[in-house]
Amino acid sequence: MIDTKHLQEFILIVGEENIYSDKAHLIAYSYDATREHFEPDAVVFPRDEEDISKILQYCNEHKIIIVPRGAGTGFTGGALPSSGGIVLALEKHMNKILEIDMKNMVAIVQPGVINIDLQRAVEEVGLFYPPDPASQEYSTIGGNVSENAGGMRAAKYGITKDYVMATRAVLPNGDIIKAGKRTIKDVAGYNISGILIASEGTLAVISEITLKLIPKPKLTKTAMGVFESVSQAMEAVYKTMASGITPVAMEFLDNLTIRAVEQTFHKGLPVEAGALLVTDVDGNLEDDLDYQLQTIQRVFKENGCSEFKIARDDKEAADIWFARRNASPSLSIYGSKKLNEDVTVPRSALPELLEKFYAIADKYKINIPCFGHTGDGNVHTNVMVDGKDPEQVKIAYLAIEEVFQATIDLGGTLSGEHGIGLAKAPYMSMAFTDEEMNLFKSIKKAFDPNNILNPAKMGLD
Ligand SMILES: Cc1cc2nc3c(=O)[nH]c(=O)nc-3n(C[C@H](O)[C@H](O)[C@H](O)COP(=O)(O)OP(=O)(O)OC[C@H]3O[C@@H](n4cnc5c(N)ncnc54)[C@H](O)[C@@H]3O)c2cc1C
């Protein structure tokens with residue numbers, strides 16, 4: 001718990017206008033997208049890297065907990081001050097794009113830059129920053145790096161980690177480090193930037209990020225395939241990805257999800273279909289896009305696709321994407337409580353994974369609608385129950401454990417994009433051996449011997 005003396009010290013560092021401990025601020029910074037909430041003792045808005053360094057140094061000396069925070073859109077509680085302490089909010093002052101280097105095709109940004117602002121700024125000069133989490137309008141690049149966020153374009157372009165070339169960061173003792181360079185190649189020393197990616201604010205506060213940019217493709221086309229069964233659609237996914245062309249997106253909705261979107265929005269979706277696949281291709285030549293779409297159509301048809309629709313214009317493309325973009329909120333028709341996981345398996349395991357999920361749903365007599373980024377093997381698995389019924393909630397958690405076990409058995413991971421945070425911490429021992437967990441803990445200790453930075457996350461405590 002911090003006291004008046006500590007608050008006075010923080011005021012000396014950041015100024016009175018950048019530290020708050022009034023109830024309104026404490027409540028505002030007690031949430032993220034999990035619906036859990038934990039109030040901090042204070043909220044501090046550092047103005048620059050030097051402020052962060054001084055704050056961390058002081059907190060380390062006085063064993064005060066610090067929780068870094070971007071926009072607070074995390075789905076696993078990473079930015080929640082579950083053990084009290086100070087929330088270090090980076091979105092207010094540290095939100096500048098510092099440089100767009102056209103010659104080397106890199107951008108240098110502060111951690112609080114909103115993802116879409118970076119995308120727009122680089123696209124204005126003909127460049128492209130592909131990682132596009134669905135939270136792109138509000139999540140920060142610092143949060144994206146700390147969670148290794150993915151998005152709709154990951155099937156072709158990869159995820160945040162594929163674009164991070166270097167990071168500046170402040171260690172818990174206040175030391176400032178620079179990890180990585182503005183070079184394509186850099187094999188000198190440990191890959192510290194790589195360790196910071198997806199470290200969920202537990203190792204250091206990221207204060208500056210150097211990101212790779214690529215040329216912006218000129219053309220995009222969208223198509224949709226209708227399948228009788230999920231297993232046919234899942235076969236089509238991995239066979240398309242191995243067919244010699246690489247679609248930008250290969251997104252999936254199962255029958256329960258199609259029905260939920262249709263019941264909510266009345267868009268004329270094929271409610272009898274077992275699954276829909278939505279795909280985008282891009283490039284610079286019409287002929288190239290046509291070739292990609294012909295290849296996808298052929299593979300889809302070989303795997304039971306009954307209808308293949310290519311959007312003729314932007315409006316038709318938006319109509320096709322509507323169902324996928326509105327899948328998540330529509331699922332509330334199946335229950336007030338949703339346990340939404342983002343498990344990921346090697347793509348060829350998708351047919352078996354989905355079969356196992358529906359068997360779990362049958363066993364517990366609940367609905368588990370699934371949709372997601374199947375081009376990356378990433379399935380959003382939604383265990384839906386009545387949140388007011390404690391028995392149902394208990395069943396939901398039993399089902400989730402089986403969802404994780406099925407995923408791990410197929411060589412998959414607990415999280416493809418949302419991270420571990422608080423929500424998935426209890427399941428880490430299912431996915432990692434004691435030896436592996438001990439290695440994680442020793443890395444944490446090397447960075448943060450006093451355990452002041454975002455403790456009790458990722459199953460490390
Ligand atoms: C509607 C919605 C859609 C979403 N869609 C996607 C999606 O498509 N793909 C996806 O991957 N995620 C998605 N997310 C989850 C979330 O947006 C991402 O995890 C995002 O990267 C979090 O960014 P943030 O700025 O909100 O970070 P926060 O939630 O504020 O923080 C996340 C974690 O990062 C740490 N952190 C933040 N900034 C720093 C820093 N500078 N230094 C050190 N640690 C830091 C925090 O301590 C915390 O552990 C979605 C969330 C919502 C609400």
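The values are calculated or read from the model by the stated rules, or taken from the named source; none is laboratory data. Since the structure is predicted, the reported quantities are computational estimates derived from the model, not experimental observations. All Cβ positions, even for glycine, are placed from backbone atoms using ideal geometry, and neighbour counts span all protein chains on display.
A few remarks follow.
- Residue check, residue 108 under 22 Å from residue 453 (Cα atoms) and more than 10 Å from the ligand (Cβ to nearest atom): no
- Restricted to the range 199-228, and to residues there that are of a type in the set (Ser, Thr, Tyr) and more than 16 Å from the ligand (Cβ to nearest atom), the residue that is surrounded by the most Cβ atoms within 10 Å (Cβ to Cβ) is 222.
Yes/no matrix, rows are residues, columns are (1) within 16 Å of the ligand (Cβ to nearest atom); (2) within 16 Å of residue 198 (Cβ to Cβ); (3) surrounded by 12 or more Cβ atoms within 10 Å (Cβ to Cβ); (4) under 19 Å from the mean Cα position of the chain (by Cα):
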residue	(1), (2), (3), (4)
398	no, no, yes, no
418	yes, yes, yes, yes
432	no, yes, yes, no
443	yes, yes, yes, no
451	yes, no, yes, no
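- Scanning the range 113-157 for residues that are small (Gly, Ala, Ser), assigned to a loop (DSSP other than H, G, I, E, B) and surrounded by fewer than 24 Cβ atoms within 10 Å (Cβ to Cβ) yields 126, 134, 135, 139, 151.
- Residue in the range 147-154 that is farther than 19 Å from residue 195 by Cβ and more than 8 Å from the ligand (Cβ to nearest atom) present: yes
For (1) over 17 Å from residue 454 (Cβ atoms); (2) in a loop (DSSP other than H, G, I, E, B); (3) away from the ligand (no atom under 12 Å from the Cβ), each residue gets a yes or a no:
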site: 17; (1), (2), (3): yes, no, yes
site: 59; (1), (2), (3): no, no, yes
site: 68; (1), (2), (3): no, no, no
site: 83; (1), (2), (3): no, yes, yes
site: 87; (1), (2), (3): no, no, no
site: 92; (1), (2), (3): yes, yes, yes
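- Failed item in (1) modelled with pLDDT of 95 or more; (2) touching a helix residue (DSSP H, G or I) at 6+ places or on another chain (Cβ under 9 Å), with residue 290 passing the rest: (2)
- Candidates 63, 54, filtered to the one that is on the phi > 0 side of the Ramachandran plot and in the same structural domain as residue 42 (by TED's automatic domain parsing): 63
- Near pairs, Cβ below 8 angstrom, 6+ apart or cross-chain, from the range 325-337 (surrounded by fewer than 14 Cβ atoms within 10 Å (Cβ to Cβ)) to any residue that is among the polar types (S, T, N, Q): 329/264
- Test result for residue 412, closer than 21 Å to residue 161 by Cα and more than 16 Å from the ligand (Cβ to nearest atom): yes
- Selection count, the range 342-356, where residues are assigned to a helix (DSSP H, G or I) and in contact with a helix residue (DSSP H, G or I) (Cβ under 6 Å, 6 or more places away or on another chain): 6
- The set of residues from the range 122-143 being without any contact (Cβ under 8 Å) to a residue 40 or more places away in the chain and within 6 Å of the ligand (Cβ to nearest atom) is empty.
- Breaking point among (1) within 13 Å of the ligand (Cβ to nearest atom); (2) under 25 Å from residue 243 (Cα atoms); (3) of a type outside the set (A, V, I, L, M), for residue 167: (2)
- Under the condition of being free of Cβ contacts under 8 Å to residues at least 12 places away in the same chain and within 16 Å of residue 229 (Cβ to Cβ), the residues counted in the range 357-391 number 2.
- Verdict on residue 192 being buried (at least 20 other Cβ atoms within 10 Å of the Cβ), within 15 Å of the ligand (Cβ to nearest atom) and within 30 Å of residue 452 (Cα to Cα): no
- Any hit, the range 406-422, residues being farther than 25 Å from residue 254 by Cα and among the small types (Gly, Ala, Ser): yes
- Scanning the range 303-321 for residues that are in contact with a Leu (Cβ under 9 Å, 6 or more places away or on another chain) and either among the small types (Gly, Ala, Ser) or surrounded by fewer than 16 Cβ atoms within 10 Å (Cβ to Cβ) (or both) returns no hits.
- Of all the numbered requirements in (1) surrounded by 14 or more Cβ atoms within 10 Å (Cβ to Cβ); (2) closer than 23 Å to residue 277 by Cβ; (3) out of contact with any strand residue (DSSP E or B) (no Cβ under 8 Å at 6 or more places or on another chain), residue 407 misses one, and that requirement is (3).
- Residues of the range 179-233 that turn out to be part of a loop (DSSP other than H, G, I, E, B) and under 30 Å from residue 296 (Cβ atoms), as a count: 6
- Counting the residues of the range 26-44 that are in a loop (DSSP other than H, G, I, E, B) and within 13 Å of the ligand (Cβ to nearest atom) gives 9.
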